[in-house]
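Inspection log for the structure reproduced underneath, given as structure tokens.
The values are calculated or read from the model by the stated rules, or taken from the named source; none is laboratory data. This one's a predicted model, so the numbers in the text were calculated from it and none came from an experiment. When we count neighbours, we look across all protein chains shown, and the Cβ atoms used for this are built from the backbone with ideal geometry, even at glycine. Ligands, DNA and RNA are excluded from the accessible area calculation, which covers all protein heavy atoms including side chains. Shrake-Rupley method; radii C 1.70, N 1.55, O 1.52, S 1.80 Å.
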Amino acid sequence: MKEELAGLGIDYEKWKADLWEEMMIQRLLEREVYRRVSVSSSEVRRYYQAHLQEFEKPEQVRASQIVTSTENEARQALELLHTGADFATVARAKSTAPEAERGGDLGFFSRGDMPAEFNVVFSLHRGGTSGIVKSPYGYHIFKLVDKRAAGKISLEEASKEISEKLRHEKEDQRYKQWLKELRS
């Protein structure tokens, strides 16, 4: 360890002292700030009710794509799909996109998360494939894998995220208050 640090131009004793100081500061903050902060379920519920718009989730789709640099390559890939070839296999073999190694899987996304050309996916039925779609990135063929309807995230689903957000806000407030107390 000493040799490794020396190779990086770091004095071992200074590094050890800095690490010790950092650990002591963290322990002090834990005792004086973090342990004194708690978030109740009623606070979580109040936050959820006051910020309902944050928990609206739009319609989402999970899609895969094949991207080629020429229209002719896209036609060849589409012909393979029409003859019954597996979309993921064709994507791995023909697509130039980074997600080709995952069979073209783009994961879930909402309208507006991707370029406008991708919106064709929202009109497909599950398992359906698009025709050839031109974009600045090349020629795409899309397959709709799954759809999630728009809706609202329930309090139960959102409570952990809300609790963490409120805890961080309270810790920040408590930390500032603690510093103010120390200064006075």
Where residue 142 falls short, out of the listed (1) open to solvent by 30 Å² or more (accessible area, probe 1.4 Å); (2) in a strand (DSSP E or B): (1)
Matching residues, the range 100-133, being part of a helix (DSSP H, G or I) and surrounded by fewer than 17 Cβ atoms within 10 Å (Cβ to Cβ): 101, 102, 116, 117, 119, 120, 122, 123
Only listed residue being closer than 30 Å to residue 26 by Cα and either out of contact with any Phe, Trp or Tyr (no Cβ under 6 Å at 6 or more places or on another chain) or modelled with pLDDT under 95 (or both), chosen from 126, 167, 148: 167
Selected residue (criterion: nearest to residue 171 (Cα to Cα)) from residues of the range 1-54 that are of a type in the set (Ser, Thr, Tyr) and part of a helix (DSSP H, G or I): 34
Of the criteria (1) in contact (Cβ under 8 Å) with a residue 40 or more places away in the chain; (2) in a helix (DSSP H, G or I), which one residue 157 fails: (1)
Failed condition for residue 149, given (1) without any contact (Cβ under 8 Å) to a residue 40 or more places away in the chain; (2) open to solvent by 20 Å² or more (accessible area, probe 1.4 Å); (3) of a type in the set (A, V, I, L, M): (1)
Looking only at the range 63-80, and only at residues there that are in contact with a helix residue (DSSP H, G or I) (Cβ under 6 Å, 6 or more places away or on another chain) and not hydroxyl-bearing (Ser, Thr, Tyr), the one that is surrounded by the fewest Cβ atoms within 10 Å (Cβ to Cβ): 80
Leading residue by the ranking (surrounded by the fewest Cβ atoms within 10 Å (Cβ to Cβ)) among those in the range 153-168 that are within 19 Å of the chain's Cα centre (by Cα) and basic (Lys, Arg): 160
Leading residue by the ranking (surrounded by the fewest Cβ atoms within 10 Å (Cβ to Cβ)) among those in the range 1-55 that are among the aromatic types (Phe, Trp, Tyr) and farther than 15 Å from residue 165 by Cβ: 20
Condition met for residue 6 (among the hydrophobic types (A, V, I, L, M, F, W, C) and within 29 Å of residue 136 (Cβ to Cβ)): no
Only one of 96, 89 that is assigned to a helix (DSSP H, G or I) and surrounded by fewer than 18 Cβ atoms within 10 Å (Cβ to Cβ): 89
Which numbered condition residue 171 fails, given (1) exposed (fewer than 15 other Cβ atoms within 10 Å of the Cβ); (2) acidic (Asp, Glu); (3) in contact (Cβ under 8 Å) with a residue 24 or more places away in the chain: (1)
Checking residue 81 against (1) touching a residue at least 40 places away in the same chain (Cβ under 8 Å); (2) in a helix (DSSP H, G or I); (3) under 20 Å from the mean Cα position of the chain (by Cα), the condition it does not meet: (3)
Enumeration of residues in the range 174-184 that are of a type outside the set (Lys, Arg) and either under 14 Å from residue 28 (Cα atoms) or open to solvent by less than 100 Å² (accessible area, probe 1.4 Å) (or both): 175, 177, 178, 179, 181, 182
